[in-house]
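Worksheet: one structure, shown below.
The values are calculated or read from the model by the stated rules, or taken from the named source; none is laboratory data. Note that this is a predicted model, so its numbers are computed, not measured. Counting neighbours? That spans all protein chains shown, and the Cβs are built from the backbone with ideal geometry, glycine included.
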Amino acid sequence: MRLSWLLAISESHLALHGLMRYGATTCFFLIGLLSWPSAHALLNTDDTSNTQWSYQLGVDTWRISASTETDSNLGLVDERSFLLLPDTHTERPYKSASLYGWVVGNKPLTGSTKFSFKAQANQSLGARLDEAQIETHISPFLGFRFGVVDYKTSWCRTYEADSVWIRDVEPICNFQNFRDVTGGAPGVQLFVRKPWGAYLTQFQLGVYRPLMFDYAAKEFGDFVPAPSPNDPYIVESNKKAGFNINVLNLNNAVEARLSVIKGTHRAFTPDDDKLGTTKQSNQAVYAALSFPISTTVFGRFTRFHQSQDATCLSDVAAVGACNLNYNFKKEFTSVEATSRVSSQDMIGIGLSETIYRYTQSVFLSYDFFFKNQIRETNIKQLNLAWRHDWAKGVFTSMQFIKALHATELTSSAVTTRTPSNGYAIGLRFGYQY
């Protein structure tokens with residue numbers, strides 16, 4: 001979605017001028033109900049009078065080293081890209097030093113209605129408007145939201161002001177091609193929010209249309225029908241629906257989330273040598289648990305599973321250019337612990353495992369399959385981080401990422417296994433208000 005209409009709002013905030021020069025557009029958002037790490041934070045952020053404006057901006061620098069600098073078989077054996085390091089699949093040309101920023105804001109309209117925004121800009125994801133919505137309560141427990149609404153099918157730390165991480169431990173939070181499950185879209189949500197004894201619960205049901213207002217014109221899950229800029233494709237349909245359940249124990253701050261989102265998509269490749277139509281369906285399930293280990297240590301466990309199925313058909317395309325079926329399963333598991341060791345210092349450790357299972361069948365007709373490819377990829381990452389808060393909103397963060405990867409590719413002719421490894425060391429200098 002084009003964000004240029006928000007520039008007029010951001011001009012009054014001169015501190016963001018450098019970020020706008022980088023190409024980001026400044027937006028606002030209200031901290032959502034389901035992203036709080038504790039009961040105390042939840043109860044405060046639900047009060048719309050507490051925070052009218054909040055932002056964070058700064059500079060990230062990375063030193064990256066890998067056992068290989070190329071992908072030997074792009075799209076099949078991507079031993080460099082599958083390390084999922086900070087220079088992988090960036091929306092803007094990667095630079096070792098880059099600006100980043102996000103902005104939070106809300107505007108109460110009436111006693112039961114508010115207007116909220118959530119936006120970010122960095123080189124990994126580009127400029128993204130994740131929320132621009134109106135929320136209104138029909139009763140003390142029932143309400144609805146409409147506009148650009150957050151799916152709430154992830155638990156990314158993007159907008160957590162005190163996060164120790166430069167990059168999330170969960171890989172789905174770090175790449176644009178997962179925005180179909182970690183971002184938002186034009187849509188409508190109905191929610192029920194109610195305390196039950198010591199628990200605060202919220203159930204949310206949503207319907208989403210990413211093509212509205214040209215918000216996400218190219219979004220097509222993790223699969224791109226035509227990856228070359230000279231080989232365009234047109235997304236003709238993109239429809240989603242999902243639900244979310246969030247439960248918070250107000251006594252001990254244990255919080256659990258279960259989210260499901262399903263979608264159907266259709267895209268057309270108009271090139272004369274393809275003229276192919278791709279139909280796709282996908283389903284994603286996300287489960288997460290946040291819990292205190294002690295008064296200063298918090299833990300988090302997340303599990304994400306997504307399955308995509310698609311068929312591309314063409315009467316003119318060369319075999320393999322379209323005529324194929326594929327199934328793509330993705331699993332992400334992460335566990336992390338963060339500790340506030342002093343009033344100014346926080347440390348964190350996180351582990352993640354990513355598994356891709358991809359099966360592709362190329363055919364001349366539905367009765368003649370002649371080439372099958374099966375790919376299984378395993379990626380493991382270790383994350384270590386330290387954050388120090390100085391004074392007047394200034395802070396620094398350091399993060400170390402170690403990545404191990406292996407892909408096994410089986411086709412009708414050969415089976416290959418391609419390992420790789422790498423690491424990244426990052427430093428963030430930031431300011432928040």
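Given the criterion in a strand (DSSP E or B), in contact with a strand residue (DSSP E or B) (Cβ under 8 Å, 6 or more places away or on another chain), among the β-branched types (Val, Ile, Thr) and modelled with pLDDT under 90, identify the matching residue among 374, 379, 355. Walk me through how you get there before you give the answer.
Numbers: 379 fails: modelled with pLDDT under 90; 355 fails: modelled with pLDDT under 90.
Going through 374, 379, 355 in turn, just one is in a strand (DSSP E or B), in contact with a strand residue (DSSP E or B) (Cβ under 8 Å, 6 or more places away or on another chain), among the β-branched types (Val, Ile, Thr) and modelled with pLDDT under 90: 374.
Tell me, which residue of the stretch 221-244 that is surrounded by fewer than 17 Cβ atoms within 10 Å (Cβ to Cβ), of a type outside the set (Ser, Thr, Tyr) and in contact with a Ser or Thr (Cβ under 9 Å, 6 or more places away or on another chain) is modelled with the lowest pLDDT?
231
Considering 127, 132, 121, 161, which residue is more than 12 Å from the chain's Cα centre (by Cα), touching a residue at least 40 places away in the same chain (Cβ under 8 Å) and under 30 Å from residue 342 (Cβ atoms)?
Values: 127 fails: under 30 Å from residue 342 (Cβ atoms); 132 fails: under 30 Å from residue 342 (Cβ atoms); 121 fails: under 30 Å from residue 342 (Cβ atoms).
That would be 161, the only listed residue that is more than 12 Å from the chain's Cα centre (by Cα), touching a residue at least 40 places away in the same chain (Cβ under 8 Å) and under 30 Å from residue 342 (Cβ atoms).
Inspect all residues belonging to the stretch 300-307 and state whether any of them is touching a Cys at 6+ places or on another chain (Cβ under 8 Å) and in contact (Cβ under 8 Å) with a residue 40 or more places away in the chain.
Residues of the stretch 300-307 that are touching a Cys at 6+ places or on another chain (Cβ under 8 Å), as a first pass: none.
The answer is no; no qualifying residue exists.
Would you be able to tell me the number of residues in the stretch 265-293 that are over 20 Å from residue 314 (Cβ atoms) and out of contact with any helix residue (DSSP H, G or I) (no Cβ under 9 Å at 6 or more places or on another chain)?
Going through the stretch 265-293, the residues over 20 Å from residue 314 (Cβ atoms) turn out to be 282-293.
Remaining after also requiring out of contact with any helix residue (DSSP H, G or I) (no Cβ under 9 Å at 6 or more places or on another chain): 283, 285, 287-293.
Matching residues across the stretch 265-293 total 9.
Which one of the conditions (1) aliphatic (A, V, I, L, M); (2) closer than 30 Å to residue 417 by Cβ; (3) touching a Leu at 6+ places or on another chain (Cβ under 8 Å); (4) at pLDDT 90 or above does residue 59 fail to meet, given that it meets all the rest?
With respect to (1) aliphatic (A, V, I, L, M); (2) closer than 30 Å to residue 417 by Cβ; (3) touching a Leu at 6+ places or on another chain (Cβ under 8 Å); (4) at pLDDT 90 or above, residue 59 is out only on (2).
What number of residues within the stretch 64-99 satisfy the criterion of being touching a residue at least 60 places away in the same chain (Cβ under 8 Å) and part of a strand (DSSP E or B)?
Within the stretch 64-99, residues that are touching a residue at least 60 places away in the same chain (Cβ under 8 Å) and part of a strand (DSSP E or B) number 7.
How many residues does the stretch 268-287 contain that are charged (D, E, K, R), in a strand (DSSP E or B) and in contact with a Pro (Cβ under 9 Å, 6 or more places away or on another chain)? So that I can check it myself, show each step before the final result.
Taking the stretch 268-287 and keeping what is charged (D, E, K, R), we get 271-274, 279.
Right, trim to in a strand (DSSP E or B) and you get 279.
Then drop every residue that is not in contact with a Pro (Cβ under 9 Å, 6 or more places away or on another chain), which leaves none.
Residues meeting the conditions: 0.
Under 6 Å by Cβ, and 6 or more places apart or on different chains, what pairs join a residue from the stretch 330-345 that is within 14 Å of residue 157 (Cα to Cα) and modelled with pLDDT of 95 or more with one that is assigned to a strand (DSSP E or B) and charged (D, E, K, R)?
336/300
On the basis of being surrounded by 19 or more Cβ atoms within 10 Å (Cβ to Cβ), at pLDDT below 95 and not charged (D, E, K, R), does residue 314 make the cut? Talk me through it step by step, then tell me what you get.
On the way: surrounded by 19 or more Cβ atoms within 10 Å (Cβ to Cβ): yes; at pLDDT below 95: yes; not charged (D, E, K, R): yes.
So residue 314 fits the description; yes.
Test residue 234 against the stated conditions and say whether it is under 20 Å from residue 301 (Cα atoms), in contact with a strand residue (DSSP E or B) (Cβ under 9 Å, 6 or more places away or on another chain) and of a type in the set (A, V, I, L, M).
Working: under 20 Å from residue 301 (Cα atoms): no; in contact with a strand residue (DSSP E or B) (Cβ under 9 Å, 6 or more places away or on another chain): yes; of a type in the set (A, V, I, L, M): yes.
So residue 234 does not fit the description; no.
Going by the conditions given, is residue 180 assigned to a helix (DSSP H, G or I) and acidic (Asp, Glu)? Write out each step before concluding.
Numbers: assigned to a helix (DSSP H, G or I): yes; acidic (Asp, Glu): yes.
Yes, satisfied.
Is it true that some residue in the stretch 101-117 is surrounded by 22 or more Cβ atoms within 10 Å (Cβ to Cβ) and within 19 Å of residue 377 (Cα to Cα)?
no
Residues of the stretch 152-178 being over 22 Å from residue 57 (Cβ atoms) and out of contact with any Phe, Trp or Tyr (no Cβ under 7 Å at 6 or more places or on another chain), which ones?
If the condition is that a residue be over 22 Å from residue 57 (Cβ atoms) and out of contact with any Phe, Trp or Tyr (no Cβ under 7 Å at 6 or more places or on another chain), then 152, 155, 169, 177, 178 are the ones that fit.
Within the stretch 258-267, is there a residue that is among the small types (Gly, Ala, Ser), touching a Leu at 6+ places or on another chain (Cβ under 8 Å) and in a strand (DSSP E or B)?
From the stretch 258-267, those among the small types (Gly, Ala, Ser) are 259, 263, 267; that's our starting set.
Within this subset, residues satisfying the condition of being touching a Leu at 6+ places or on another chain (Cβ under 8 Å) are none.
Taking every residue of the stretch 258-267 in turn, none turns out to be among the small types (Gly, Ala, Ser), touching a Leu at 6+ places or on another chain (Cβ under 8 Å) and in a strand (DSSP E or B).
Return the total of residues in the stretch 317-330 being assigned to a strand (DSSP E or B) and either surrounded by 15 or more Cβ atoms within 10 Å (Cβ to Cβ) or of a type in the set (Lys, Arg) (or both).
First, the residues of the stretch 317-330 that are assigned to a strand (DSSP E or B): 324-330.
Next, from what is left, pick out any that are either surrounded by 15 or more Cβ atoms within 10 Å (Cβ to Cβ) or of a type in the set (Lys, Arg) (or both): 324-326, 328-330.
Residues meeting the conditions: 6.
Filter the stretch 387-421 down to the residues that are hydrophobic (A, V, I, L, M, F, W, C) and either under 30 Å from residue 347 (Cβ atoms) or in a loop (DSSP other than H, G, I, E, B) (or both) and list them by number.
Filtering the stretch 387-421 for residues hydrophobic (A, V, I, L, M, F, W, C) gives 390-391, 394-395, 398, 400-401, 403-404, 406, 409, 413-414.
390, 391, 394, 395, 398, 400, 401, 403, 404, 406, 413, 414, listed by residue number.
Given the conditions (1) part of a loop (DSSP other than H, G, I, E, B); (2) farther than 23 Å from residue 425 by Cβ; (3) out of contact with any helix residue (DSSP H, G or I) (no Cβ under 7 Å at 6 or more places or on another chain), report the number of the one that residue 153 does not fulfil.
Of the numbered conditions (1) part of a loop (DSSP other than H, G, I, E, B); (2) farther than 23 Å from residue 425 by Cβ; (3) out of contact with any helix residue (DSSP H, G or I) (no Cβ under 7 Å at 6 or more places or on another chain), the odd one out for residue 153 is (3).
On the basis of being modelled with pLDDT under 90, within 19 Å of residue 423 (Cβ to Cβ) and not hydrophobic (A, V, I, L, M, F, W, C), does residue 70 make the cut? So that I can check it myself, show each step before the final result.
Details: modelled with pLDDT under 90: yes; within 19 Å of residue 423 (Cβ to Cβ): yes; not hydrophobic (A, V, I, L, M, F, W, C): yes.
Here the answer is yes, as residue 70 does meet what is asked.
From (1) under 25 Å from residue 87 (Cα atoms); (2) buried (at least 23 other Cβ atoms within 10 Å of the Cβ), pick out the condition that doesn't hold for residue 159.
(2)
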